[in-house]
Amino acid sequence: MDWEAILSNTASWLISPETIAYALAALGLAVHFGYGGLLNFGMAGFMALGAYGYAISILTFGLPWWAGIIVGMLASVVFAFILGIPTLRLRADYLAIVTIAAAEIVRLLFTTQVFDEVTNSADGLGNYHEGFRAANPFPEGTYGFGPWEYNANGWWVRIFGIGLLIVAALLVWLLMRSPWGRVLKGIREDEDAVRALGKNVFAYKMQALIVGGVFGALGGVVFALPSAVVPSVYVTSLTFFIWTILLLGGAATVFGPLLGAVIFWVIMGFLSNVLPAMASSGLLPFMSTTQAATLRFILVGLALMLIVIFRPQGILGNKKELTFVKQ
Amino acid sequence: MSSNSGAHSPVKTTGLHIGEAVPGVAKVDPIIIADNVTRTFGGLKAVDVEHVEIPRGAITALIGPNGAGKTTLFNLLTGFDKPDTGTWTFDGTRLNGVPAFKVARMGQVRTFQLTKALGLLTVLENMKLGAQKQTGENMFASLIKPLWRKQEGEIEERAMEILARFKLDTKKDDFAASLSGGQRKLLEMARALMSSPKLVMLDEPMAGVNPALTQSLLDHILNLKKEGMSVLFVEHDMHMVRHIADWVIVMAEGRIVAEGDPESVMQDAAVIDAYLGSHQDVDLGVVTGRVSGENTAGVEDLLADIEAEVGLTDSSAYIADTNTDTQEEDTK
């Protein structure tokens, strides 16, 4: 086995656009679930709206790249309202069911032939990079060292993504240390009690759904920035990867989603390199290299179960929180 | 809050009503006036109140057997549930269709039968949540700390003051989930006070509280009155009702069956019948045949009653139920 190549490929995931995109979405989910107790199982839908909002505004409407990002964010705000108005008055479980269905509806709308002219249906969208790349402040050429060597465009996507992530993390930190965050955490614990204290619970839940949804859309934008918008990406399993990341890092923390995304992608990158290599060198005698590459998804599922059972507060979560089992 | 205050009888507020103390009697200065409030669950009429007034500046107890509709009435008055019919006002403002959070903002706060301490918030955070009109609770203002730092400091000061009164100040940084059941009751009451309410509604404040803490809770409730607040509470503990209530409203099967000051209400035949049980002098064990005892006339009566109601299992269970209650009363 070529360990050098395996480790180098693994290390490159540390600051890949995928890692940044997933971290942004997981941060949004932290606002939803970790702080607000909203069971959103439709993060893939928010991400799809961000990615398609960005690509369609550029390709169909000829908007500049930054306006495309704003359109993606606005689309997620509208989606949050559509989801929230009927369901946020109901119990948390209903939101879970509605969001998972709504995210699928969003994906199917983007995939259907009806809007082929705009969405290019199942083939997805590409070639919208011109504006974003023209705004690249880095001169042409290849920079970096070791596994982190990219051309100017590669660096521009990564640094722009990391910038968004820093702003988002800062916003979450500011919100959650404030009285607004206190109300939101109170709602997570018991919304009737918060209602009895004179807080408009519905408005707070709506605000949280929007804030988290916008972060999800930004994740979708960052995911779309370097390559293309592929509809088959925004399936339910994407939502569950985001959940794995959130629970791995710690749901009610600011840095948990970031750490979770890095760990998730580094492990995924490592396994996708090492498992086929093991299979081809005969260490996994009962499976082919293709089967070995798929094995990582099974391991991710297993990891999610183990986290939830043995460390439900995540890596960065407060240990004390574990002491008290919620009723 | 001296420890000996329990030894003396608290000062009762009298002269609350106008005319004879009958169900629905008018009050001199009512804070809540409700008319024709009904609520049905399926075929069951849980609340059917023609007219009731809650006096201001006094402690009013709402008593009645399980299923009498006390908590439902509570939920209706606080906006947590919507009635089928009826109108009611709080402090002169009509409350029909007003959502619960707005009712709370008007100064009518409640606690819950099953305590709702916010477990994974600290005690101090729980308290701060109770304060009203916080600038920092606006999403955009919350991002800029200078806008709410000063107010936050004032709220914290006030929270610590109230916590000290409730002897919870040393626990301010603990998760509310780590408190004992009784301490959570105290915290819930303290939190309600953060909003400087006009009317405090307590749903079974004594349920699950040990006797040592009961006295302290009683003192806190009496203090609310001293500070000019009105109190309405649901309670099963008759000693407590007798001890602190200025006015007692008795509900049974959704209706108000009696009203009056504690002493006279407890003599009322309707109350004894509905709540205390008509045969409270009879040992339950004798009735059920578990204990052999003298078959007094009372037992014969009761057995005859039960015979007569064979098939109506719930009503005989109800008799047994009220008897158990009075038994507990006796042993206390």
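The values are calculated or read from the model by the stated rules, or taken from the named source; none is laboratory data. All values derive from a computational prediction rather than experimental measurement. So basically every Cβ, Gly included, is an ideal-geometry build from the backbone, and we count neighbours across all protein chains shown. Areas reflect the complete protein model, heavy atoms only, side chains present, ligands, DNA and RNA absent. Shrake-Rupley method; radii C 1.70, N 1.55, O 1.52, S 1.80 Å.
Within segment B:120-137, take every residue that is more than 9 Å from chain A (Cβ to nearest Cβ) and touching a residue at least 60 places away in the same chain (Cβ under 8 Å) and give me the one that is farthest from B:Ile155 (Cα to Cα). The selected residue is B:Val123. Can you tell me which residue is farthest from B:Asn126 (Cα to Cα) among those in segment A:154-172 that are surrounded by 15 or more Cβ atoms within 10 Å (Cβ to Cβ) and within 14 Å of another protein chain (Cβ to nearest Cβ)? Taking the candidates together, the pick is A:Ala168.
Could you say whether any residue in segment A:161-183 is touching a Pro at 6+ places or on another chain (Cβ under 7 Å), part of a helix (DSSP H, G or I) and not polar (S, T, N, Q)?
Pass one, segment A:161-183, residues touching a Pro at 6+ places or on another chain (Cβ under 7 Å): A:161.
If we keep only those that are part of a helix (DSSP H, G or I) as well, we get A:161.
Checking which are not polar (S, T, N, Q) leaves us with A:161.
Yes - at least one qualifying residue is present in segment A:161-183.
The one condition from (1) farther than 26 Å from A:Leu83 by Cβ; (2) touching a Ser or Thr at 6+ places or on another chain (Cβ under 8 Å) that A:Ser178 does not meet is (1).
In the condition set (1) of a type outside the set (Lys, Arg); (2) facing another protein chain (nearest Cβ under 8 Å); (3) more than 15 Å from B:Leu179 (Cβ to Cβ); (4) within 17 Å of the chain's Cα centre (by Cα), B:Gln108 is compliant with all but (2). Does A:Ala135 fit the bill of being in contact (Cβ under 8 Å) with a residue 40 or more places away in the chain and either open to solvent by less than 40 Å² (accessible area, probe 1.4 Å) or under 20 Å from A:Met73 (Cβ atoms) (or both)? Considered against the rule, which asks whether it is in contact (Cβ under 8 Å) with a residue 40 or more places away in the chain and either open to solvent by less than 40 Å² (accessible area, probe 1.4 Å) or under 20 Å from A:Met73 (Cβ atoms) (or both), A:Ala135 comes out as yes. Looking only at segment B:9-48, which residues are more than 14 Å from B:Trp247 (Cα to Cα), surrounded by 11 or more Cβ atoms within 10 Å (Cβ to Cβ) and polar (S, T, N, Q)? Passing the criteria: B:Asn36, B:Thr38, B:Thr40. Contact annotation: residue pairs with Cβ atoms under 6 Å, 6 or more positions apart or on different chains, pairing a residue in segment A:175-188 that is within 7 Å of chain B (Cβ to nearest Cβ) with a partner that is among the acidic types (Asp, Glu) and open to solvent by 10 Å² or more (accessible area, probe 1.4 Å), are A:Pro179/B:Glu137; A:Trp180/B:Glu137; A:Arg182/B:Glu125; A:Val183/B:Glu137.
For every residue, the table says whether it meets (1) touching a Pro at 6+ places or on another chain (Cβ under 7 Å); (2) at pLDDT 90 or above; (3) surrounded by 13 or more Cβ atoms within 10 Å (Cβ to Cβ).
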| site | (1), (2), (3) |
| --- | --- |
| A:Val71 | no, yes, yes |
| A:Ser76 | no, yes, yes |
| A:Leu83 | no, yes, yes |
| A:Arg89 | no, no, no |
| A:Thr111 | yes, yes, yes |
| A:Asp116 | no, no, no |
| A:Leu125 | no, yes, yes |
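Selection within segment A:51-65: residues that are of a type outside the set (Val, Ile, Thr) and part of a loop (DSSP other than H, G, I, E, B). The member of this set that is most open to solvent (accessible area, probe 1.4 Å) is A:Phe61. Number of residues in segment A:253-295 that are closer than 23 Å to A:Gly181 by Cα and either surrounded by 23 or more Cβ atoms within 10 Å (Cβ to Cβ) or in contact with a Pro (Cβ under 9 Å, 6 or more places away or on another chain) (or both): the value is 6.
Of all residues in segment A:193-211, those that are at the interface with chain B (Cβ under 7 Å from one of its Cβ atoms) have Cβ atoms under 6 Å from Cβ atoms of residues that are basic (Lys, Arg) and open to solvent by 10 Å² or more (accessible area, probe 1.4 Å), 6 or more apart or on another chain, in A:Ala193/B:Lys116; A:Ala196/B:Arg110; A:Gly198/B:Arg105; A:Val201/A:Arg195.
Taken over segment A:105-132, the criterion of being in contact with a helix residue (DSSP H, G or I) (Cβ under 7 Å, 6 or more places away or on another chain) and among the charged types (D, E, K, R) is satisfied by A:Arg107 alone. When the criteria are applied in full, A:Val106 meets the requirement of being in contact (Cβ under 8 Å) with a residue 60 or more places away in the chain and β-branched (Val, Ile, Thr).
The residues listed here are A:Leu302, A:Leu295, A:Leu275, A:Leu322; of these, the one that is under 28 Å from A:Phe33 (Cβ atoms) and modelled with pLDDT of 85 or more is A:Leu302. Condition check for B:Thr78 on (1) facing chain A (nearest Cβ under 10 Å); (2) more than 24 Å from B:Ala245 (Cα to Cα): one failure, at (2). Residues that are facing chain A (nearest Cβ under 8 Å) and either over 27 Å from B:Gly57 (Cβ atoms) or open to solvent by 20 Å² or more (accessible area, probe 1.4 Å) (or both) are absent from segment B:164-172 altogether. Here B:Ala61 passes the criteria (1) open to solvent by 10 Å² or more (accessible area, probe 1.4 Å); (2) small (Gly, Ala, Ser); (3) more than 14 Å from chain A (Cβ to nearest Cβ) except the one numbered (1). Considering (1) under 28 Å from A:Leu304 (Cα atoms); (2) away from chain B (no Cβ under 14 Å); (3) open to solvent by 10 Å² or more (accessible area, probe 1.4 Å), the lone condition that A:Val221 does not fulfil carries the number (3).
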